[in-house]
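Enquirer: Let me begin by handing over the structure; questions about it come next.
The values are calculated or read from the model by the stated rules, or taken from the named source; none is laboratory data. Since the structure is predicted, the reported quantities are computational estimates derived from the model, not experimental observations. So basically every Cβ, Gly included, is an ideal-geometry build from the backbone, and we count neighbours across all protein chains shown. For accessibility, only protein heavy atoms count, side chains too; no ligands or nucleic acids. Shrake-Rupley method; radii C 1.70, N 1.55, O 1.52, S 1.80 Å.
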Amino acid sequence: MSKHLKRLAAPRVLRIHRKERALTIRAAPGPHPLAQSMPLGLLVRDYLGLCDTYKEARKIVSNGDILVDGVKRKNFKFPCGFMDVVSIPKMRKNVRILYDRNGKLTLTPIAESDAEWKLCRIQNKTIVKGKRVQLNFHDGKNKLVEKDDYKTGDVLKISFKENKIDEVYKFDKGTVSMIIGGTHIGEIASIEEIQIVASSKPNLVNLKGEKEFYTIAVHVFPIGKNKPAITLT
């Protein structure tokens, strides 16, 4: 795998100047795929503007001054992605990574109380030793649960300190969701109907936001019951 990344070939989710320099920071393998993530060093330098150079960004991150989901990350290539919470305790600054209407990863300022948890969507479930159910989330994390009360597509509000489930947002009719792919990426809409497709094709979801539209199920990320549980602006 190449250690370098040309700006012209950088993921389209990044808001960077394509012709300002030849190269940019390449995200390391981690919880988010390359095409859907931004490296921590790029976030510090280009998004937050905490420094001007690659060397300075690397030093800030290696000092352990940046937390991602409540954990110190010292690798400046660590991949940050959708719904991750990035905190800088020394500056008392907290942001959540979301998509904007152009499909770009953007940083949304949040309160300190909101920086203590994140929303994780269940991608799939597996049975592990002892016949316990393991939930596998969109950000690469896993969680063992005693009762299998959840289904694929549901979103859990999980606290960082206690690693417990505080809230569940079902992938069901009436749930407020954010679209994370396709033409309507970044839009907030309510689920009207879920159509199960009896074939290899993905299931379809009918949603109503600014207008009514359809998208595939994998693009729908529940974020609240009657209103968004996260800060959007």
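Enquirer: Note down all Cβ pairs under 8 Å where the first residue falls in the stretch 25-43 and is touching a residue at least 12 places away in the same chain (Cβ under 8 Å) and closer than 20 Å to Ser87 by Cα, the second is in a strand (DSSP E or B) and open to solvent by 10 Å² or more (accessible area, probe 1.4 Å), and they're at least six residues apart or on different chains.
Expert: Listed pairs, sorted by first residue: Leu42/Thr24; Leu43/Leu107.
Per-residue answers, yes or no, for (1) surrounded by fewer than 17 Cβ atoms within 10 Å (Cβ to Cβ); (2) within 25 Å of Ser113 (Cα to Cα):
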site: Asp172; (1), (2): yes, no
site: Glu210; (1), (2): yes, no
site: Ile223; (1), (2): no, yes
site: Lys227; (1), (2): yes, yes
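Enquirer: Would you point out the residue of the stretch 47-59, among those that are out of contact with any Cys (no Cβ under 6 Å at 6 or more places or on another chain) and either closer than 19 Å to Ile97 by Cβ or not in a helix (DSSP H, G or I) (or both), that is most open to solvent (accessible area, probe 1.4 Å)?
Expert: Only one residue tops the list, namely Asp52.
Enquirer: Right, next: Check off (1) farther than 23 Å from Ala35 by Cβ; (2) modelled with pLDDT of 95 or more; (3) not basic (Lys, Arg) for Thr53 and give me the number that stays unchecked.
Expert: Among (1) farther than 23 Å from Ala35 by Cβ; (2) modelled with pLDDT of 95 or more; (3) not basic (Lys, Arg), the lone unmet condition for Thr53 is (2).
Enquirer: Any residue in the stretch 97-106 that is farther than 25 Å from Thr24 by Cα, surrounded by 15 or more Cβ atoms within 10 Å (Cβ to Cβ) and modelled with pLDDT of 95 or more?
Expert: No - not one qualifying residue is present in the stretch 97-106.
Enquirer: Take the residues in the stretch 13-45 that are in contact with a helix residue (DSSP H, G or I) (Cβ under 8 Å, 6 or more places away or on another chain) and open to solvent by 100 Å² or more (accessible area, probe 1.4 Å), then tell me which one is nearest to Arg101 (Cα to Cα).
Expert: Step by step, filter the stretch 13-45, then rank; the result is Arg15.
Enquirer: I'd like the residue in the stretch 1-12 that is open to solvent by 100 Å² or more (accessible area, probe 1.4 Å) and among the charged types (D, E, K, R) and, out of all such residues, is nearest to the chain's Cα centre (by Cα).
Expert: Applying the filter and picking the extreme gives Arg12.
Enquirer: Can you tell me which residue among Ser177, Ser190 is among the polar types (S, T, N, Q) and crowded, with 19+ Cβ neighbours inside 10 Å?
Expert: When all the criteria are applied, what remains is Ser177.
Enquirer: Can you find even one residue in the stretch 181-203 that is out of contact with any Cys (no Cβ under 8 Å at 6 or more places or on another chain) and assigned to a helix (DSSP H, G or I)?
Expert: So far as the stretch 181-203 goes, no, none of its residues is out of contact with any Cys (no Cβ under 8 Å at 6 or more places or on another chain) and assigned to a helix (DSSP H, G or I).
Enquirer: Can you name the residue in the stretch 119-165 that is of a type in the set (A, V, I, L, M, F, W, C), part of a strand (DSSP E or B) and open to solvent by 20 Å² or more (accessible area, probe 1.4 Å) and is also farthest from Ile223 (Cα to Cα) among such residues?
Expert: Checking each candidate, the answer is Val128.
Enquirer: Considering only residues that are touching a residue at least 40 places away in the same chain (Cβ under 8 Å) and of a type in the set (D, E, K, R), which ones fall in the stretch 182-228?
Expert: Glu187, Lys225, Lys227
Enquirer: Consider Asn94 against the criteria (1) free of Cβ contacts under 8 Å to residues at least 40 places away in the same chain; (2) exposed (fewer than 15 other Cβ atoms within 10 Å of the Cβ); (3) over 20 Å from Gly140 (Cβ atoms): it satisfies all of them except one. Which criterion is unmet?
Expert: Of everything listed in (1) free of Cβ contacts under 8 Å to residues at least 40 places away in the same chain; (2) exposed (fewer than 15 other Cβ atoms within 10 Å of the Cβ); (3) over 20 Å from Gly140 (Cβ atoms), Asn94 misses just condition (2).
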